[in-house]
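Participant: Once you've had a glance at the structure underneath, I'll fire off some questions.
The values are calculated or read from the model by the stated rules, or taken from the named source; none is laboratory data. Everything numeric here is computed off the predicted structure, so don't read it as measured data. Every residue, glycine among them, receives a Cβ derived from its backbone with ideal geometry; neighbour counts consider all protein chains shown. Only protein heavy atoms, including side chains, enter the accessible area calculation; ligands, DNA and RNA are left aside. Shrake-Rupley method; radii C 1.70, N 1.55, O 1.52, S 1.80 Å.
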Amino acid sequence: MEYILIIISAIFVNNILLSQFLGICPFLGVSNKLSTAVGMSGAVCFVITLATLVTYLLQVYVLNPLGIGFMQTISFILVIAALVQMVEIVLKKVSPSLYQALGIFLPLITTNCAVLGVALTVVTKEFTFGGEPHMLNLAESIVYAFATSVGFGLSMVLFAGLREQLSMNDVPKPFKGIPIALVTASIMAMAFMGFSGIVK
């Protein structure tokens with residue numbers, strides 16, 4: 001039951017883009033085309049899940065026992081940077097077209113605050129399930145990270161679909177481009193607020 005609560009909470013209630021406002025750069029920058037948004041979502045999903053696994057193990061088995069928890073942020077950034085390099089190399093060989101489409105935003109996953117935010121949240125925040133707060137274990141952390149990245153992807157794909165539809169409509173000149181995208185994003189965020197209260 002806890003896993004279901006974690007999944008619902010991460011995807012809908014505490015959506016990383018629309019509720020926590022982490023990862024806004026790719027949200028606005030790579031959402032012009034649906035195909036690019038799907039590719040970016042897949043890359044971020046892989047990086048967030050894998051980064052959370054590695055950083056959790058690093059925190060629990062290296063930083064905490066050695067008493068160097070203050071090295072947490074810099075250590076996590078190095079791990080994330082290495083993983084993004086790996087994703088970049090794989091994408092370049094497997095799907096050159098997607099690699100070209102993602103352009104500058106692929107290396108920017110390294111500095112995507114969503115990836116670091118999830119990794120830090122897992123090891124620092126106490127989650128409340130069944131009225132009692134507790135730290136997530138490894139399995140719950142991976143489920144939370146994956147569900148959060150699915151929430152990221154869902155928001156990206158929905159937003160990209162809306163932006164593609166908007167590009168075919170007669171939008172007033174002052175609202176063309178980023179202004180109408182921001183208005184659309186704010187309406188999406190308000191729509192996702194309707195899920196609040198399902199899970200505390």
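Participant: Suppose the filter is open to solvent by less than 70 Å² (accessible area, probe 1.4 Å) and touching a His at 6+ places or on another chain (Cβ under 9 Å); does Phe127 pass it?
Facilitator: Taking the combined requirement at face value, the residue satisfies it.
Participant: Looking at region 157-174, can you tell me whether even one residue there is open to solvent by less than 50 Å² (accessible area, probe 1.4 Å) and under 27 Å from Thr55 (Cα atoms)?
Facilitator: Checking region 157-174: not a single residue is open to solvent by less than 50 Å² (accessible area, probe 1.4 Å) and under 27 Å from Thr55 (Cα atoms).
Participant: Return the total of residues in region 76-128 being among the aromatic types (Phe, Trp, Tyr), more than 17 Å from the chain's Cα centre (by Cα) and over 21 Å from Asn14 (Cα atoms).
Facilitator: 1
Participant: For Thr121, only one of the following conditions fails: (1) touching a residue at least 24 places away in the same chain (Cβ under 8 Å); (2) buried (at least 18 other Cβ atoms within 10 Å of the Cβ); (3) closer than 27 Å to Gly69 by Cβ. What is its number?
Facilitator: (1)
Participant: Can I ask one more? Whether any residue in region 83-103 is among the small types (Gly, Ala, Ser) and closer than 27 Å to Ser19 by Cβ is what I want to check.
Facilitator: Scanning region 83-103 turns up no residue that is among the small types (Gly, Ala, Ser) and closer than 27 Å to Ser19 by Cβ.
Participant: Still on this structure, please answer the following. What tally of residues in region 24-70 results from selecting those that are surrounded by fewer than 23 Cβ atoms within 10 Å (Cβ to Cβ) and outside any helix (DSSP H, G or I)?
Facilitator: 4
Participant: So, one more: Do you know which of the residues in region 72-115 that are at negative phi, assigned to a helix (DSSP H, G or I) and of a type in the set (Gly, Ala, Ser) is surrounded by the most Cβ atoms within 10 Å (Cβ to Cβ)?
Facilitator: For region 72-115, the residue satisfying everything is Ala114.
Participant: Restricting attention to region 56-108, report how many residues are within 23 Å of Leu138 (Cβ to Cβ) and out of contact with any Phe, Trp or Tyr (no Cβ under 9 Å at 6 or more places or on another chain). Before the answer, list the steps.
Facilitator: Step one: of region 56-108, the residues within 23 Å of Leu138 (Cβ to Cβ) are 56-84, 86-87.
Subsequent filtering for residues that are out of contact with any Phe, Trp or Tyr (no Cβ under 9 Å at 6 or more places or on another chain) retains 56-57, 60-62, 64-82, 84, 86.
Residues that pass the stated criteria total 26.
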